[in-house]
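Inspection log for the structure reproduced underneath, given as structure tokens.
Just so you know, all these numbers are worked out from the coordinates, no wet-lab data involved. Predicted model, so just to flag it, every value in this text is computed and none were measured. In this analysis, Cβ positions are derived from the backbone assuming ideal geometry, glycine residues included, and neighbour counts consider all displayed protein chains.
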Amino acid sequence: MNTELSKQQIESYQQNGFLVIEDFLNAEELEEWRVAVTVAIAERNGIKIPGQNIQVGMDDGINEDAEYFSKVFDQLLNLWQTNEQVKKIMFDERIGKMAAQLAGVDGIRIWHDQALFKKPWANPTSWHLDTPFWSFSDRKALSIWVALDDATLENGCLYFLPESFKETSFDNKPIGKNMDSIFEIYPQFKKTRPVVSKLKAGGCSFHNGLTIHGAGPNMTPGYRRAMTCAYMPEGNVFNGKANILPQAYLDTLTIGDVLDNDAQNPLIYHK
Ligand SMILES: O=C(O)CCC(=O)C(=O)O
Ligand SMILES: [Fe+2]
């Protein structure tokens, strides 16, 4: 695993709000990730979030057009909580360190992991921000996106709007049918040229959760599989949004409480 970041890579991330790393996993590691994620998904029997009775593809109450959204990607969250192999992969301190270095913070917690599979003929992922969905508000929160298949122009690779994170806020649009909805909130980016992130399987990208990003449709009869993880810098507090937190935990939380429950948001790296 190629986890050493150069000064230039960190600077590039901090300038643009994303970073592409082409040779992140070697062939053996890629196979390990693929097997772990495939097994973990099979074990779930379609349960999207542990402890919550939502099936993949079902209306989750978050997205306004459930049928369209179910054909954007299959989304399974927190596989680390139900599969030991995925847990081992996700708890790797070296990846936590990369996230911390890019964000410029001392400690990193997992917000949630997420398998994102575009099925054959999947809809595009419209431009959106991530952090405004989450239960904390941190301009430095970020995600890793690891390609388990080649991510190509044909099958729905990611695109980023460079430097957009510097001007976006916690206002967002759902991942709906219209690619251009986000520009109703951020019209200044309507003419920005996106950067395309084509990746060979085993490559990865990091993006700031306030970077405007999206993905194309899958115009192929094959899958576009990705394993991702969203990270919360240590010390963040509850902002009142439920997002994917379990009800029993939510019942104990008041706005302003520190999110430091290791069973939900494990600290995977500290300087
Ligand atoms: O994989 C996709 O289509 C979208 C990924 C994404 O939005 C993310 O990882 O934040
Ligand atoms: Fe996203």
Straight-line reach only, C-alpha to C-alpha below 15 angstrom: list the aspartates and glutamates that Lys173 could link to, leaving out same-chain residues fewer than 8 apart.
Glu64, Asp65, Asp130, Glu184
Name the residue, out of Ala215, Ala42, Ala103, whose mean-square fluctuation peaks in a Gaussian network model built on the chain with Cα pairs under 10 Å.
Ala42
Segment 218-233 - phi-based ³J(HN,Hα) in whole Hz, Karplus 6.51/-1.76/1.60, Gly and Pro as x:
9, 9, 10, x, x, 7, 10, 9, 9, 10, 10, 8, 9, 10, 10, x
In vacuo Debye sum over C-alpha of the chain, base-10 log of normalised intensity I(q)/I(0) at q = 0.14, 0.15 Å⁻¹, listed in q order, is -0.99, -1.17
Among Gly104, Ser197, Leu245, flag the residue with its Cα farthest along the positive direction of the charge dipole of the chain, charges on Cβ as +1 for Lys/Arg and -1 for Asp/Glu.
Ser197
Can you tell which of Ile49, Thr131, Ile21 lies farthest toward the positive end of the dipole of segment 7-270, using +1 and -1 charges on the Cβ of basic and acidic side chains (Lys, Arg; Asp, Glu)?
Ile21
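Under unit Cβ charges (Lys, Arg +1; Asp, Glu -1), what dipole magnitude, rounded to 20 debye, does the chain have relative to its Cα centre? Please list the in-between numbers first.
On the way: 26 positive and 35 negative charges, 111 e Å.
So the dipole magnitude of the chain works out to roughly 540 debye.
Within segment 23-107, how many lysine pairs that are 8 or more places apart, or on different chains, have C-alpha atoms less than 18 Å apart? It would help to have the intermediate numbers written out before the result.
Details: Lys48/Lys71; Lys48/Lys87; Lys87/Lys97; Lys88/Lys97.
Close lysine pairs under the 18 Å cut-off: 4.
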Once Rh for segment 125-271 is found with the Kirkwood sum over Cα pairs, what is the Stokes-Einstein diffusion coefficient at 10 °C and 1.306 mPa s, in µm²/s?
96 µm²/s
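Can you tell me how segment 76-193 classifies by the Cα gyration tensor, rounded, prolate or oblate, using a/c under 1.5 as the rounded cut? Can you show the working numbers first?
Numbers: a/c = 1.92, a/b = 1.27, b/c = 1.51.
It is oblate, given that a/c is not under 1.5 and a/b is not larger than b/c.
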Distance from segment 131-155 to segment 36-110 (C-alpha centre basis), Å
11 Å
Plugging the Cβ-Cβ distance of Ser6 and Arg139 into 1/(1 + (r/R0)^6) at R0 = 30 Å yields, to the nearest 0.05, a FRET efficiency of 0.80
Relative contact order for segment 122-271: what is it in percent, counting Cα pairs under 8 Å that are at least 6 residues apart?
39 percent
Label-point gap, in nm, between Gln55 and Glu154 - each point 7 angstrom along Cα→Cβ
3.2 nm
